[in-house]
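This report refers to the structure that appears directly beneath it.
Laboratory data are not the source of any read-out in this text; all were calculated from the coordinates shown. These figures come from a predicted structure and were not determined experimentally. As a convention, Cβ positions derive from the backbone with ideal geometry for all residues, glycine included, and neighbour counts pool all protein chains shown.
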Amino acid sequence: MKRTANISDFLRPLCEVTSQAYLSNAVQVADILEWVLAQVGVAEIWQTSFSISEEFLRRLFFITRDKKVSRINLVLDHKATNKTLKLWAFITQVIENTYLADNHSKILLVRSEMGHSVSIVTSQNLTRGNRAESAFISTDPIIFSNLLSQVQDLIQNHSVPLNDLFRQRIAAD
């Protein structure tokens with residue numbers, strides 16, 4: 001988030017509304033994740049994106065180091081494999097389960113240990129940019145359940161675990 005921006009200028013607390021949206025160049029996906037975790041507590045997350053950057057991984061590193069998440073499940077796109085493999089060592093330190101699939105979605109699902117669920121569908125990859133990005137945020141359990149089911153299907157039936165791909169790449173070299 002830009003230093004002059006305050007997330008409350010864009011979003012209301014989750015307990016006040018079931019759904020909300022924004023369009024801004026001041027809010028990043030990592031800002032939203034930290035904002036959600038501050039409200040719901042420790043949670044497991046599922047995240048999908050076309051690609052991921054080192055800067056975003058650093059943010060996730062500090063979130064996991066501070067024990068704000070119990071597990072991260074990440075799905076990235078096959079087309080970004082070269083970039084993903086360069087970050088493999090860092091990814092494996094931060095994210096428990098990473099998968100590659102034909103994926104262009106940008107979804108963040110948060111299920112807290114206390115039973116809260118939050119769904120975020122955004123236009124932003126897991127990168128930092130200064131472009132206008134949008135997101136829709138919902139605490140509706142039906143939306144969460146539907147998206148989680150679809151992400152789990154993508155993981156189980158249409159993806160390759162990054163560790164398997166990395167081992168194949170090393171064997172080929």
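Residue farthest toward the positive end of the dipole of the stretch 19-172, with Cβ of Lys/Arg at +1 and Asp/Glu at -1: which of VAL94, ALA135, GLN47?
Of VAL94, ALA135, GLN47, it is VAL94.
So which residue, out of ALA132, ALA30, ALA101, gets the largest mean-square fluctuation from a GNM of the chain using Cα contacts under 10 Å as springs?
ALA132
Just grab the label-to-label distance for GLU55 and GLU96, each label 7 Å out from Cα along the Cβ direction, in nm (one decimal).
In this crude label model, GLU55 to GLU96 measures out at 2.9 nm.
How far is the Cα center of the stretch 28-59 from the Cα center of the stretch 100-132, in Å?
Each part's Cα centre sits 7 Å from the other's.
Given springs between every Cα pair under 10 Å in a Gaussian network model of the chain, which of THR92, THR127, THR64 has the largest fluctuation?
The residue with the greatest mean-square fluctuation here is THR92.
Percent antiparallel among DSSP beta bridges with both residues in the chain, to the nearest 5?
Working: 24 of 36 bridges.
Just about 65 percent of them are antiparallel.
Near LYS68, which aspartates and glutamates are there with a Cα under 20 Å away, not counting those fewer than 8 places off in the same chain?
Result set, ordered by chain and number: ASP31, GLU34, GLU44, GLU54, GLU55, GLU96, GLU113.
For the chain, what is the charge dipole size about the Cα centre, in debye to the nearest 20, if Lys and Arg each add +1 at the Cβ and Asp and Glu each add -1 at the Cβ?
Values: 18 positive and 17 negative charges, 98 e Å.
The calculated dipole for the chain is roughly 480 debye.
What does the charge dipole of the stretch 43-140 about its Cα centre add up to, to the nearest 20 debye, if the Cβ of each Lys and Arg holds +1 and the Cβ of each Asp and Glu holds -1? Write down the numbers at each step before the final one.
On the way: 13 positive and 10 negative charges, 63 e Å.
With Lys and Arg at +1 and Asp and Glu at -1, about 300 debye.
Under a point spin-label approximation (7 Å from Cα along Cα-to-Cβ), what is the GLN39-ASN163 distance to one decimal in nm?
3.4
List the trypsin sites (Lys or Arg not before Pro) within the stretch 52-120 that DSSP assigns to loop and that have no more than 10 neighbouring Cβ atoms inside 10 Å.
Within the stretch 52-120, the qualifying trypsin sites (Lys or Arg not before Pro) (loop, at most 10 other Cβ atoms within 10 Å) are LYS67.
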